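Q: Structure in structure tokens, see below.
The values are calculated or read from the model by the stated rules, or taken from the named source; none is laboratory data. Nothing here was measured: the structure is a model prediction, and the numbers come from that model. Neighbour counts are summed over all protein chains in view; Cβ atoms, including those assigned to glycine, are modelled from backbone coordinates with ideal geometry. In case anyone asks, the SASA skips ligands and DNA or RNA and just uses the protein heavy atoms, side chains included. Shrake-Rupley method; radii C 1.70, N 1.55, O 1.52, S 1.80 Å.
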Amino acid sequence: MAHVLVINSSISGDKGQSTQLSQQFLASLPSGFSTETLDLVQDSYPHLTMAEMGAWMTPESDRSDEQKALAALSDNAIAQIQKADAIVIGVPMYNFGVPSQLKAYFDRLARAGITFKYTEAGPVGLLQDKPVFIFATRGGFYQGTAMDSQTPFVSAFLNFIGLKDLNFIYAEGLNMGPESAEKALTAAKARIAELAPAVAA
């Protein structure tokens, strides 16, 4: 049975277009899969601190109770990624970047010696590759322009930890009028129909 990890980061919750497209993607998947959903707004991660990074670098047997609790934030997030056979991420654009909640979550996934390592040839991702479906929703039109900071950032980060099978599904121009929004969502749904069968059950 395929296991799909769904990561939502819209501050609009279930009303967010990225969340709704993620749900439509799940509904299009072949039967015989399980899902686990993370709502990074409802269950948000705090900003990363040196105390938390210090907990990572402290041997597990030497950690204080506070350090164990801090390290668990990252340990649990990484375990969920490792367990998944496929990952779905909803990424609305806020002020030209990814939601801060998603950035805080990503900070917990970058762990030297666990999800990546440095070598003489450069960094190497340590996570087993798996398909990642990224639903990028924007009020305006940014794909392929210098204003799209999301695509290179998300791609670079996920590649860095070993996830390279990335599939972006864009819905742009959502705030440019009803006709533009309908056209964008129709295109996104067509892309969903193409990609959903790729998730093996």
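Q: What would the Debye equation give as log₁₀ I(q)/I(0) for segment 19-90 at q = 0.19, 0.23 Å⁻¹, counting only Cα atoms as equal point scatterers?
A: Listed by q, the Debye log ratios stand at -0.86, -1.07.
Q: D for segment 55-201, whole µm²/s, Stokes-Einstein with Kirkwood Rh over alpha-carbon pairs at 10 °C and 1.306 mPa s: what number?
A: 93 µm²/s
Q: Now, a different point. Please give the solvent-accessible surface of S100 in Å², to the nearest 10, using a probe radius of 1.4 Å with every protein chain present.
A: Number for this one is 70 Å².
Q: Could you tally the net charge around Q80, taking each other residue with its Cβ under 14 Å from the Cβ of Q80, Lys/Arg +1 and Asp/Glu -1?
A: Values: positive: K83, R108, R111, K130; negative: E36, D39, D43, D75, D85.
Residues close to Q80 contribute a combined charge of -1.
Q: If you don't mind, another one. What is the sum of charges around T58, taking Lys and Arg as +1, Asp and Glu as -1, for the other residues whose C-beta is under 14 Å from the C-beta of T58? Show your work: numbers first, answer last.
A: Values: positive: R63, K68, R111; negative: E52, E60, D62, D65, E66, D75.
It works out to a net charge of -3.
Q: Taking the Cβ of V6 as the centre, find all other residues whose Cβ is under 15 Å away and add up their charges (Lys, Arg: +1; Asp, Glu: -1).
A: -3
Q: Set the Förster distance to 30 Å, then compute FRET efficiency between T58 and N159 from the Cβ-Cβ distance, nearest 0.05.
A: That gives a FRET efficiency of 0.55.
Q: Next up: Give me the three principal axis extents of segment 114-201 from the C-alpha atoms, as integers in angstrom, largest value leading.
A: In descending order, the Cα extents are 51, 36, 16 Å.
Q: Which residue fluctuates most in the GNM of the chain (Cα springs below 10 Å): R191, R138, R63?
A: Comparing R191, R138, R63 in the GNM, the peak value goes to R63.
Q: Determine the distance separating the Cα centre of segment 102-123 from the Cα centre of segment 162-198; give it in Å without decimals.
A: Here the two parts' Cα centres lie 28 Å apart.
Q: Per the helix-only calculation at 222 nm, which mean residue ellipticity applies to the chain, given -39500 (n - 2.57) for every DSSP H run of n ≥ 4 and division by its residues, nearest 500 deg cm²/dmol?
A: Result for the chain: -12500 deg cm²/dmol, rounded to the nearest 500.
Q: Please turn the phi angles of segment 141-148 into ³J(HN,Hα) values with the Karplus equation 6.51 cos²θ - 1.76 cosθ + 1.60 (θ = phi - 60°), one per residue in order, whole Hz, x for glycine and proline.
A: 10, 10, 4, x, 10, 5, 7, 8
Q: Distance check, please: which entries in K15/K83; K103/K130; K15/K189; K83/K130; K83/K164; K83/K117 exceed 22 angstrom between their Cα atoms?
A: Going by Cα-Cα distance, K15/K83 fall outside the 22 Å limit.
Q: Could you go through segment 67-80 in sequence order and give the Karplus-derived ³J(HN,Hα) for each residue, using 6.51 cos²θ - 1.76 cosθ + 1.60 with θ = phi - 60°, rounded to whole Hz, and x for Gly and Pro?
A: 5, 4, 5, 5, 5, 5, 4, 6, 4, 5, 5, 5, 4, 5
Q: I've got another one for you. For the Cα atoms of the chain, what angle does the longest principal axis make with the long axis of helix 17-28, in degrees from 0 to 90, nearest 10?
A: In the chain, helix 17-28 runs at an angle near 90 degrees to the longest axis.
Q: Ordering K183, K189 from largest to smallest accessible area (1.4 angstrom probe), what's the sequence?
A: Reading off the accessible areas and sorting them downward yields K183, K189.
Q: Further question: How much area per residue is accessible in the chain when the probe is 1.4 Å and only protein heavy atoms are counted (Å²)?
A: Solvent-accessible surface per residue comes out at 51 Å².
Q: Same structure again: Go ahead and set up a Gaussian network model of the chain, Cα springs under 10 Å, then flag whichever of E120, E36, E179 fluctuates most.
A: E120
Q: Return the long-range amide H neighbours of A2 (sequence gap of 5 or more, or a different chain), with a cut-off of under 5 Å between placed amide H atoms.
A: Residues meeting the amide H criterion: S34.
Q: If you don't mind, another one. Quick check: at a probe of 1.4 Å, how many percent of the accessible area of segment 122-186 sits on carbon and sulfur atoms? It would help to have the intermediate numbers written out before the result.
A: Details: 1790 of 3130 Å².
Here carbon and sulfur together make up 57 percent of the probe-accessible area.
Q: Would you grab the residues whose amide H sits under 5 Å from the one on I134? Only those 5+ places off in sequence or on another chain, please, with H modelled 1.01 Å from N.
A: Residues meeting the amide H criterion: I89, N167, F168, I169.
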